[in-house]
Amino acid sequence: MNLPNRLTIARILLTPFFMAFLLLQFPNGYPIFPHQNIIAAIIFIAASITDSLDGYLARKRHQVTVFGKFMDPLADKLLIAAALISLVELGEVSAWIAWVILGREFAVTGLRAILATDGIVISASKWGKAKMVIQIIAISEILLRDWPFGSLNIPVGQIFLYIALLLTIISGLDYFVKARRSLKH
């Protein structure tokens, strides 16, 4: 159990805490914790940082493991799914946007599993990496109520969410095109 794998596990363990701080409220609808959206945002951002850090450390220290290859993308998907579903429940994200983003994740994960049975591995593309970064920015801005642009009525979080949606579609199509090419060879 090396440090990169511990960071991946930390991301998974932070996810329910993120959701608790974001969603828990008294029966009358008032938040249980003061500024709980800010606390949730801090937890979400900290968990997101572990994503970059665990991959960097695994490569730099030559500690890439089978566990990490499997659990790292799963931890990412759990965090993003938890955030999007929670934000749908709070009325901050349209359900159809969450469905498209999560649908792409399930489709690509399924395709990866199928390709793996044939020994084919398709690495994450620049589109997929950009998608993840923009998703993190979008969710963070929505959680932080578009800080620091909220006072100017600029919906930064929603703007980034639509960019993430576009990148989700592009990266998903890119992955399926690469998979098709790989299967032809």
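The values are calculated or read from the model by the stated rules, or taken from the named source; none is laboratory data. Quantities reported herein were computed from a predicted structural model and do not represent experimental measurements. Here Cβ is always computed from backbone atoms with ideal geometry, including for glycine, and neighbour counts include all displayed protein chains. These accessible areas exclude ligands, DNA and RNA; they are computed on the full protein's heavy atoms, side chains included. Shrake-Rupley method; radii C 1.70, N 1.55, O 1.52, S 1.80 Å.
Things to note:
- Applying a threshold of 6 Å to beta carbon distances and a minimum spacing of six or more residues, or different chains, the list of pairs starting in the stretch 9-37 at a residue that is closer than 21 Å to Ala47 by Cα and ending at one that is exposed (fewer than 12 other Cβ atoms within 10 Å of the Cβ) and aliphatic (A, V, I, L, M) reads Leu24/Ile32.
- Identity of the residue in the stretch 167-185, surrounded by fewer than 13 Cβ atoms within 10 Å (Cβ to Cβ) and aliphatic (A, V, I, L, M), that ends up modelled with the lowest pLDDT: Leu183
- Residue-level analysis places Tyr30 among those that are farther than 28 Å from Val121 by Cβ and either open to solvent by 50 Å² or more (accessible area, probe 1.4 Å) or in contact with a strand residue (DSSP E or B) (Cβ under 7 Å, 6 or more places away or on another chain) (or both).
- Looking across Ile120, Ile114, Ile154, Ile85, one residue alone is more than 17 Å from the chain's Cα centre (by Cα) and open to solvent by 80 Å² or more (accessible area, probe 1.4 Å). It is Ile114.
- Residues that are hydrophobic (A, V, I, L, M, F, W, C), open to solvent by 80 Å² or more (accessible area, probe 1.4 Å), in a helix (DSSP H, G or I) and at negative phi do not occur anywhere in the stretch 134-148.
- Restricting the stretch 54-93 to residues that are touching a residue at least 24 places away in the same chain (Cβ under 8 Å) and basic (Lys, Arg), the residue that is farthest from Leu23 (Cα to Cα): Arg61
A quick yes/no check of all residues on (1) assigned to a helix (DSSP H, G or I); (2) buried (at least 20 other Cβ atoms within 10 Å of the Cβ); (3) of a type outside the set (Asp, Glu); (4) out of contact with any Lys or Arg (no Cβ under 9 Å at 6 or more places or on another chain):
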residue	(1), (2), (3), (4)
Pro34	no, no, yes, yes
Ile45	yes, no, yes, yes
Asp54	yes, yes, no, no
Arg59	yes, no, yes, yes
